[in-house]
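The values are calculated or read from the model by the stated rules, or taken from the named source; none is laboratory data. Small disclaimer: the values here were computed from a predicted structure and weren't measured. In this analysis, Cβ positions are derived from the backbone assuming ideal geometry, glycine residues included, and neighbour counts consider all displayed protein chains. Note: areas computed on protein heavy atoms with side chains; ligands, DNA, RNA excluded. Shrake-Rupley method; radii C 1.70, N 1.55, O 1.52, S 1.80 Å.
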Amino acid sequence: MKERGIDLYVPDSNGKHEMGTGKRAAGVGQSRMRDPEHFRMRAKLRCRAGRDIYKRRQALVEPVFGILQEQRGMRRFRRRGLAAVDTEWMMAATASDATRMLRV
């Protein structure tokens, strides 16, 4: 993602715990972190700006997954192969967007 210029905000298990409780996690994930990218991500999510960006992501992106899973029953893809799954996902997301646009 770095090569594509995409700035990720993805917490690990300790990061999720910290963001949910507001307290530093002490050994939630039992494996030791050694990857420097892991450390950078955790530092990015611990700062105020990083938490604000992650909260905005939760409000914009996560509801779409929840709606497709719970209301539309889309827990699995019906087709196999990356191209077929990509097409199925795009159709489901487009239908969800069209439904939202018609309600407004």
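General remarks:
- Region 43-76, subset acidic (Asp, Glu) and within 26 Å of ASN14 (Cβ to Cβ), residue modelled with the highest pLDDT: ASP52
- Applying the criterion of being open to solvent by less than 80 Å² (accessible area, probe 1.4 Å) and of a type in the set (D, E, K, R) to the residues of region 79-104, the residue that is nearest to VAL61 (Cα to Cα) is ASP97.
- Residue-level analysis places MET1 among those that are at pLDDT below 80, part of a loop (DSSP other than H, G, I, E, B) and closer than 30 Å to THR94 by Cβ.
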